[in-house]
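**Q** Below is the structure I would like to discuss, written out as structure tokens.
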């Protein structure tokens with residue numbers, strides 16, 4: 001393992017732990033829930049996401065085939081991946097701060113729910129997922145293994161499924177206002193999709 005890769009790997013672990021601690025701390029004081037997705041629906045996005053996180057943190061325990069390098073190592077990969085992780089996690093935290101007390105880890109509608117359309121929500125309807133997927137991609141670049149590709153695919157599946165459920169809840173709650181917002185704002189990749 002190169003010095004760049006070793007330093008970047010440590011940076012990424014520290015960044016993810018810092019994000020997790022921040023996320024838990026910010027989860028307090030949210031509005032009461034009026035409507036929540038079913039438990040089965042929640043399992044369908046939590047299970048693939050948990051498996052994706054386990055693959056990223058598995059190291060050599062993921063199996064030989066999944067630990068094989070994807071590309072020949074290049075000096076740019078570790079710092080570029082670390083930069084993507086930092087940018088993605090900062091973007092996700094920014095989005096979490098902007099959505100404020102409307103946030104929930106599950107798909108919900110809150111009491112006095114507000115349709116947030118400012119800050120990162122002016123760039124993407126699901127900026128938390130944008131940030132987290134960016135961080136997953138950055139982590140996968142640094143690890144340069146097939147397990148990273150599988151982890152990104154599982155996380156993408158999880159977020160895309162959750163987005164579909166959230167969109168249905170938001171349309172039912174906000175009607176034409178959400179449809180208008182959806183028409184002018186990208187879902188996940190700002191200005192693209």
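Just so you know, all these numbers are worked out from the coordinates, no wet-lab data involved. Remember, predicted model here, so these are calculated numbers, not experimental data. In this analysis, Cβ positions are derived from the backbone assuming ideal geometry, glycine residues included, and neighbour counts consider all displayed protein chains.
**Q** For all pairs of alpha-carbon atoms in the stretch 32-128, what percent lies in each bin of width 5 Å, listed from the first bin to the last filled one?
**A** Percent of Cα pairs in each bin: 2, 10, 13, 16, 18, 15, 10, 8, 5, 2, 0.
**Q** Which value in deg cm²/dmol, rounded to the nearest 500, describes the helix-derived mean residue ellipticity at 222 nm for the chain, given -39,500 (n - 2.57) per DSSP H run of n ≥ 4 and division by the residue count? Write down the numbers at each step before the final one.
**A** On the way: 7 runs with 125 residues, N = 193.
Counting only the DSSP helices, I get -22000 deg cm²/dmol.
**Q** Still on this structure, I have one more. Determine, at each q value in 0.10, 0.18 (inverse angstroms), the log₁₀ of I(q)/I(0) that the Debye formula gives when each Cα of the chain is one equal point scatterer.
**A** Calculated log10 I(q)/I(0) at the listed q: -0.44, -1.24.
**Q** Using only the alpha-carbon atoms of the stretch 80-193 as identical scatterers, what base-10 log of I(q)/I(0) does the Debye formula give at q = 0.16, 0.18, 0.24 Å⁻¹?
**A** Debye output, listed in q order: -0.74, -0.92, -1.42.
**Q** Still on this structure, please answer the following. Sort 109-119, 73-83 by the packing proxy (mean of other Cβ within 10 Å over each peptide's residues), most packed first.
**A** Numbers: 109-119: 14.0, 73-83: 16.8.
Going from most to least packed, we get 73-83, 109-119.
**Q** Further question: Counting other C-beta atoms within 10 Å, which of 181, 129 has the fewest, and how do the rest follow?
**A** Values: 181 17, 129 22.
Lowest to highest Cβ neighbour count: 181, 129.
**Q** In degrees between 0 and 90, to the nearest 10, how far off the longest principal axis of the chain does helix 3-26 point, with axes built from Cα atoms?
**A** 20
**Q** With angles folded into 0 to 90 degrees, how steeply does helix 77-99 sit against the dominant principal axis of the chain? Use alpha carbons for both and round to 10.
**A** Computed tilt is about 20 degrees.
**Q** Tell me, 165, 139 in order of fewest to most beta-carbon neighbours within 10 Å? Kindly include the intermediate steps, with their values, before the conclusion.
**A** Working: 165 17, 139 29.
Ascending number of Cβ neighbours within 10 Å: 165, 139.
**Q** How far apart, in nm, are two points set 7 Å out from the Cα along the Cα-to-Cβ line at residue 182 and at residue 35?
**A** Between residue 182 and residue 35, the simple spin-label model gives 1.3 nm.
**Q** Another one. Where in the stretch 160-181 does the label zone of residue 102 land, with the point 7 angstrom along Cα→C-beta and an amide N cut-off under 17 Å?
**A** Answer for the stretch 160-181: 163-181.
**Q** Among 28, 125, 161, which comes first, then next, by fewest other beta-carbon atoms within 10 Å?
**A** Details: 28 7, 125 23, 161 15.
Lowest to highest Cβ neighbour count: 28, 161, 125.
**Q** Quick check: the angle from helix 39-57's long axis to the longest principal axis of the chain, C-alpha only, nearest 10 degrees?
**A** 20
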